[in-house]
Amino acid sequence: QLQFVESGGGSVQPGGSRRLSCKGSRSIFDWFAIGWFRQAPGKVREPVACITYEMDHTLYKDSVKGRFAISRDNAKGTVFLQMNSLKSEDTGVYYCGALLGPRCSWYGQYSYWGQGTQVNVSY
C-alpha cells in the first residue's frame, strides 16, 4: 500500500515506443514530485525523468531528452512515461519513486519505490 505500482513494460524493437504507468495510493501521490528511474543488469539505478505535483516543472536525463515525455494525471493518481525512439541502451527495469518538494531534483531522497516494470529493447 505504501509502494507505487509500475506497469506497461514489455519487449519492443529499437525505434519503437512504449508507455509506462506509475500508480500509487493518494496518500503517497498527492503533493509529491514523481520520478522515473531505471536499472540495467549489473548497473546502478539511474534517473530518467521527474515531474512535480503541479506539473510546472520537469527534469530529464540528457540521454532521453526529446525521446521521452513524462506526464501525470493527479485525479487518477497516475504518472506516465511515454518512451519513443527506443534504443537498446534503454533496456532495464523502470521504477518510480516520490520526492517531497515543489521542484524536481536528482539530489533529493525518493521514497515508496515500486517493484518496477521490465523494458526490453531488442530485435
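Considering only residues in the stretch 39-58 that are of a type in the set (A, V, I, L, M) and touching a helix residue (DSSP H, G or I) at 6+ places or on another chain (Cβ under 9 Å), the one that is farthest from Phe80 (Cα to Cα) turns out to be Ala40. Restricting attention to the stretch 55-79, the residues that are out of contact with any strand residue (DSSP E or B) (no Cβ under 9 Å at 6 or more places or on another chain) and modelled with pLDDT under 95 add up to 3.
Within the option set Leu100, Leu20, being among the aliphatic types (A, V, I, L, M) and closer than 30 Å to Tyr123 by Cβ holds for one residue only, Leu20. Taken together, the residues in the stretch 51-68 that are of a type outside the set (Ser, Thr, Tyr) and either over 12 Å from the mean Cα position of the chain (by Cα) or open to solvent by 50 Å² or more (accessible area, probe 1.4 Å) (or both) amount to 9. Each residue in the stretch 41-50 was checked for being surrounded by fewer than 15 Cβ atoms within 10 Å (Cβ to Cβ) and not in a strand (DSSP E or B), and 4 of them qualify.
Identify, please: which residue in the stretch 17-31 is in a loop (DSSP other than H, G, I, E, B) and either among the aromatic types (Phe, Trp, Tyr) or open to solvent by 20 Å² or more (accessible area, probe 1.4 Å) (or both) and is, among those, nearest to Thr91 (Cα to Cα)? Filtering the stretch 17-31 for residues that are in a loop (DSSP other than H, G, I, E, B) and either among the aromatic types (Phe, Trp, Tyr) or open to solvent by 20 Å² or more (accessible area, probe 1.4 Å) (or both), the one nearest to Thr91 (Cα to Cα) comes out as Ser17.
The values are calculated or read from the model by the stated rules, or taken from the named source; none is laboratory data. The structure presented is a predicted model; accordingly, all values stated were derived computationally and were not measured. As a convention, Cβ positions derive from the backbone with ideal geometry for all residues, glycine included, and neighbour counts pool all protein chains shown. Each accessible area value is taken on the protein alone, full model and side chains, heavy atoms only, with ligands, DNA and RNA left out. Shrake-Rupley method; radii C 1.70, N 1.55, O 1.52, S 1.80 Å.
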